[in-house]
Amino acid sequence: MSVKNWVLAGAGAMKLRHLLLIVAGIVSLYALLLLTNVNPGDAGHRLVKGTLGLDMVNGHLSFVSANAISGTLRETCPLLIAGIAVFIALQAGLFNIGVEGQLIVGALTCAAIALRIPGIPGIVLGTIGAVIMGAVWALPAGLIRAYRGGHEVITTIMLNSVAIYVTNGIVSGPLKDVKQESPTTPTLADSSRLPFLYNTSNAQISSGILIGLLLLVAFAFWLRRFVSGYELRAVGSNPVAAKLAGVKTAKTIVMSMVVSGGIAGLAGAVQVLGYTFRYYQDFSQGYGFNALGVALLAGSNPLGIIPAAFFFGLLTKGSSALQVLGIPKDSGFVVLGLLIIVFATIRYRKLISVTES
Amino acid sequence: MPVLEMLGISKSFGAVKALDDVSLSVEKGSIHALVGENGAGKTTLMRILYGATAMDSGTINLNGQSAHISSSAQAISHGIGMVSQHYSIIPELTNLQNLMLGAEPGWTISNKKAASRADELATRMGFSFDWNASASTLSPAGAQKLEILKLLWRNAEIMILDEPTAMLSPADSNALFESLKQLTEAGATVVLVTHRLPEVISHCKEVTVLRGGKFVGSKPVEETNTEELAEMIVGHPLTELAPHQAVGRETARLTLQNLSAKGYRGDLAVNGLSMELYQGELLGIAGVDGNGQRELFQVLTGGLKPESGSINWDGEDITSSTIGNRIAKGFRLIPEDRHAEGVIDDWPLEENAALGLQKQPPFANGAYVDQHGRKGAAEKIAAMFNTKHGGLNNPMSSLSGGNQQRFVAGRVLFLNPQLILAFQPARGLDIDATRKLYDAIRSKCLEGACAIVVSFDLDEILIHCDRVAVMHAGHILNPPKGSEHDRQAIGRLMVGAA
């Protein structure tokens with residue numbers, strides 16, 4: 001597939017339902033603004049300025065704030081990588097609700113390693129450690145599903161709780177920065193951070209987003225062009241037919257869960273190395289859960305993860321930009337919740353008409 | 001006066017004209033057969049009558065009066081009921097709950113009262129049911145009977161049965177027709193959609209033939225015969241049947257020794273079975289459903305581990321070899337349940353073409369998918385049995401059932417098959433396509449492969465297979481010398497009588 005085809009495929013992933021969804025998002029935001037008694041025009045202006053950095057200057061639409069777009073990309077990056085993690089499990093027919101836990105376990109592991117080993121070796125080893133720990137955290141759920149039939153939704157939710165309390169315990173104890181009041185690790189040295197793509201005093205764009213994009217392209221290629229990708233999708237679409245086609249379904253389930261966990265761990269590592277530079281209590285603001293929405297929104301085409309993650313990032317950054325107007329920050333999540341319901345209705349309506357016929 | 005008249009019915013799906021000015025007239029108290037190839041429009045016509053599909057134009061008269069039917073609820077209130085090809089029995093519910101489902105007597109349910117009415121209906125038909133038993137224990141014949149009782153429960157006067165005998169043994173089919181006869185004598189009317197012409201000749205009063213969405217003709221059954229009907233259905237004289245091949249039993253390719261395997265109930269569904277399959281052989285296994293045919297196939301494909309015994313292929317013990325390894329040796333399966341086992345509905349045809357063959361060229365190039373090779377292969381697979389499709393990028397679900405079956409059969413024969421395992425391969429195929437499929441299997445056998453076909457339709461096996469065996473209670477029984485193709489002798493073996 002040529003580059004042009006890739007772009008076309010990406011555009012193809014952007015279907016009518018996505019447009020509908022964006023319209024629904026704007027409408028529900030508008031309704032929310034009316035409820036909170038805020039002038040929608042003013043809010044819209046702030047929203048565009050606060051997320052994309054665009055504003056009207058002397059009657060021309062101009063780019064005025066690098067800070068705004070860098071903040072949006074910062075929110076997009078973990079959702080993009082964690083979205084890939086959810087998506088790969090989904091392709092094998094598994095709901096990995098445990099991305100949240102796998103992500104924080106990976107983040108803590110990465111911070112612990114990068115704090116001890118300075119420079120590029122620390123970055124590399126920290127990332128590898130995070131991937132391994134994320135994978136290890138997902139492994140039990142995969143094994144239980146494949147060989148005992150225990151549902152991965154239940155086991156991964158349990159593993160999330162374990163992850164949250166274990167990481168909180170560690171960051172309050174052995175890894176705590178003694179100079180700080182709150183439970184957090186010390187901050188990484190500059191040499192232990194991912195390089196910036198853009199770096200000025202008021203805005204930085206980390207190369208983390210680039211890692212996410214490259215990973216996504218590689219993953220999309222693997223899914224379509226490798227026999228193992230084909231087999232994984234077959235297991236997700238019809239496990240019985242896949243088994244009769246000679247696919248080792250149990251192994252495929254375990255593998256996809258482990259890879260999903262590994263990528264979730266990577267999302268945690270990138271977050272630490274590229275954005276937060278430390279690990280602290282309650283590290284993830286629900287990235288793993290929002291990633292479920294991202295993967296759902298992406299539909300069946302992996303390239304759909306890009307617009308979906310960006311859209312989620314936009315809403316998250318947008319709701320903090322609107323805080324100035326007295327709109328609670330969590331209102332963004334209200335809108336997200338509404339959107340996921342609308343999307344599910346559009347997407348799964350078809351299933352019902354099939355069962356009726 | 002006919003109890004049911006459908007006049008000038010037309011229906012298009014997009015650009016496809018599924019029905020073009022079709023008429024049907026059914027006398028009260030008769031069994032009226034509706035026959036035709038796949039895609040002839042039989043099911044569409046019946047779905048229009050049942051209110052499940054809206055017609056574009058035409059009229060429906062019931063007892064001489066024009067009737068407006070735009071939903072299944074309206075059809076039911078007019079006394080029309082339908083049993084589709086796929087049973088709608090819910091295994092998690094009891095028989096009684098299934099019977100009432102959707103037509104409960106009121107806001108509250110008295111199981112006692114309901115069971116007594118259910119018993120009354122069952123006795124009228126000569127059936128008997130344990131109403132509190134779980135429906136998961138029903139045999140296919142039992143499920144079919146329950147479906148018919150569901151229609152009676154809803155006071156249906158006109159019953160549409162879509163391929164009711166597709167899953168039944170000859171004995172069960174005969175019993176079913178006995179019950180239908182009783183029903184029609186009591187004043188009910190049956191419209192029977194079927195592929196099986198002998199059934200039409202022996203049990204129906206009138207027959208209507210459709211072809212390509214058009215009305216071909218209606219005849220009293222006593223004025224016609226299977227050959228004439230077959231020609232009306234396909235529109236031209238049928239291809240000659242290939243003669244049975246006598247195979248020199250020289251090279252045994254598949255040897256099963258003392259093979260036992262557990263069924264889903266935990267009993268030994270395959271029970272100490274031994275048999276040999278020779279190079280070039282096309283073996284048909286007849287038998288009543290539920291005698292271990294399914295488990296035998298699962299053991300042969302590698303999906304079920306045998307409890308004891310051995311499987312030898314070309315002299316090599318493959319008892320514990322995986323499904324994938326067997327596929328690599330040339331084992332190919334036409335599965336019983338195409339939807340659940342053979343295809344991925346929402347994938348394009350091109351990707352479905354590779355299913356099972358995904359590791360081998362031309363579908364793969366090492367670890368990579370060979371997209372070019374796969375496309376070419378998919379074209380050949382679709383062409384083998386003239387699968388009608390709107391493009392290889394369309395999803396499998398866009399094909400009719402018969403065309404899906406053609407595609408699956410094409411895939412099985414595409415890449416050097418050595419052991420062809422076919423479970424009810426003619427399901428959903430018309431007469432001509434069935435002949436072509438068996439011819440293609442036989443020509444692979446003549447090239448050195450061998451094949452085992454399981455069917456519950458004894459006639460299909462007698463007509464098409466070179467050697468006939470019977471599966472009964474987990475054993476393979478061979479008909480006595482001199483009556484290898486004798487219907488009576490084989491029928492006796494099927495019910496376990498020597």
* **When residues of region A:89-122 are limited to those that are of a type in the set (Val, Ile, Thr) and modelled with pLDDT of 95 or more, the one surrounded by the most Cβ atoms within 10 Å (Cβ to Cβ)** => A:99
* To do: Could you check how many residues of region B:444-474 are surrounded by fewer than 20 Cβ atoms within 10 Å (Cβ to Cβ), over 25 Å from residue B:139 (Cβ atoms) and aliphatic (A, V, I, L, M)?
  => 2
* Structure fact -> Given (1) assigned to a helix (DSSP H, G or I); (2) under 30 Å from residue B:355 (Cβ atoms), residue A:211 misses just (2)
* To do: Pick out the one residue from A:149, A:126 that is out of contact with any Phe, Trp or Tyr (no Cβ under 6 Å at 6 or more places or on another chain) and surrounded by 15 or more Cβ atoms within 10 Å (Cβ to Cβ).
  => A:126
* Can you confirm whether region B:251-266 contains a residue that is buried (at least 20 other Cβ atoms within 10 Å of the Cβ) and either at pLDDT below 90 or within 24 Å of residue B:42 (Cα to Cα) (or both)? => no
* So how many residues does region B:336-357 have that are surrounded by fewer than 23 Cβ atoms within 10 Å (Cβ to Cβ) and either more than 9 Å from chain A (Cβ to nearest Cβ) or out of contact with any strand residue (DSSP E or B) (no Cβ under 6 Å at 6 or more places or on another chain) (or both)? -> 11
* Please work out if residue B:338 is in contact (Cβ under 8 Å) with a residue 40 or more places away in the chain and not β-branched (Val, Ile, Thr). => yes
* Asked: Looking at region B:67-84, which of its residues are more than 17 Å from residue B:150 (Cβ to Cβ), of a type outside the set (Gly, Ala, Ser) and either touching a residue at least 24 places away in the same chain (Cβ under 8 Å) or surrounded by 13 or more Cβ atoms within 10 Å (Cβ to Cβ) (or both)?
  -> B:69, B:74
* Structure fact -> Of A:85, A:31, the only residue that is in contact (Cβ under 8 Å) with a residue 40 or more places away in the chain and either aliphatic (A, V, I, L, M) or not in a loop (DSSP other than H, G, I, E, B) (or both) is A:85
* Asked: When you scan region B:113-139, how many residues do you find that are closer than 13 Å to residue B:149 by Cα and in a loop (DSSP other than H, G, I, E, B)?
  -> 5
* **Which listed residue, of A:144, A:157, A:132, is closer than 18 Å to residue A:271 by Cα, among the β-branched types (Val, Ile, Thr) and not in a loop (DSSP other than H, G, I, E, B)** => A:132
* Determine which member of the set A:96, A:67 is among the polar types (S, T, N, Q) and part of a loop (DSSP other than H, G, I, E, B). => A:96
* Looking at region A:145-153, is at least one residue within 30 Å of residue B:338 (Cβ to Cβ), away from every other protein chain (no Cβ under 14 Å), more than 21 Å from the chain's Cα centre (by Cα) and among the hydrophobic types (A, V, I, L, M, F, W, C)? -> yes
* Of all residues in region A:34-51 being free of Cβ contacts under 8 Å to residues at least 40 places away in the same chain and touching a strand residue (DSSP E or B) at 6+ places or on another chain (Cβ under 9 Å), the one that is surrounded by the most Cβ atoms within 10 Å (Cβ to Cβ) -> A:48
* Got a number for residues in region B:373-416 being closer than 17 Å to residue B:429 by Cβ and surrounded by fewer than 18 Cβ atoms within 10 Å (Cβ to Cβ)? -> 5
* Asked: Does residue A:182 count as more than 14 Å from chain B (Cβ to nearest Cβ), buried (at least 20 other Cβ atoms within 10 Å of the Cβ) and not acidic (Asp, Glu)?
  -> no
* Please give the helices (runs of 4 or more DSSP H) falling wholly within region B:223-330 in which 1 or more residues are within 14 Å of chain A (Cβ to nearest Cβ), closer than 21 Å to residue B:426 by Cβ and of a type outside the set (Ser, Thr, Tyr). => B:293-301
* Asked: Would region B:93-114 turn up any residue that is under 26 Å from residue B:455 (Cβ atoms), touching a residue at least 40 places away in the same chain (Cβ under 8 Å) and surrounded by 18 or more Cβ atoms within 10 Å (Cβ to Cβ)?
  -> no
* Asked: For region B:267-307, which residues satisfy the criterion of being touching a Leu at 6+ places or on another chain (Cβ under 8 Å) and surrounded by fewer than 18 Cβ atoms within 10 Å (Cβ to Cβ)?
  -> B:272, B:274, B:276, B:289, B:303, B:307
* To do: Give the residue that is surrounded by the fewest Cβ atoms within 10 Å (Cβ to Cβ), with candidates limited to residues of region B:358-372 that are more than 7 Å from chain A (Cβ to nearest Cβ) and touching a residue at least 12 places away in the same chain (Cβ under 8 Å).
  => B:361
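The values are calculated or read from the model by the stated rules, or taken from the named source; none is laboratory data. From a predicted model like this one, the values you see are computed outputs, not experimental measurements. Counting neighbours? That spans all protein chains shown, and the Cβs are built from the backbone with ideal geometry, glycine included.
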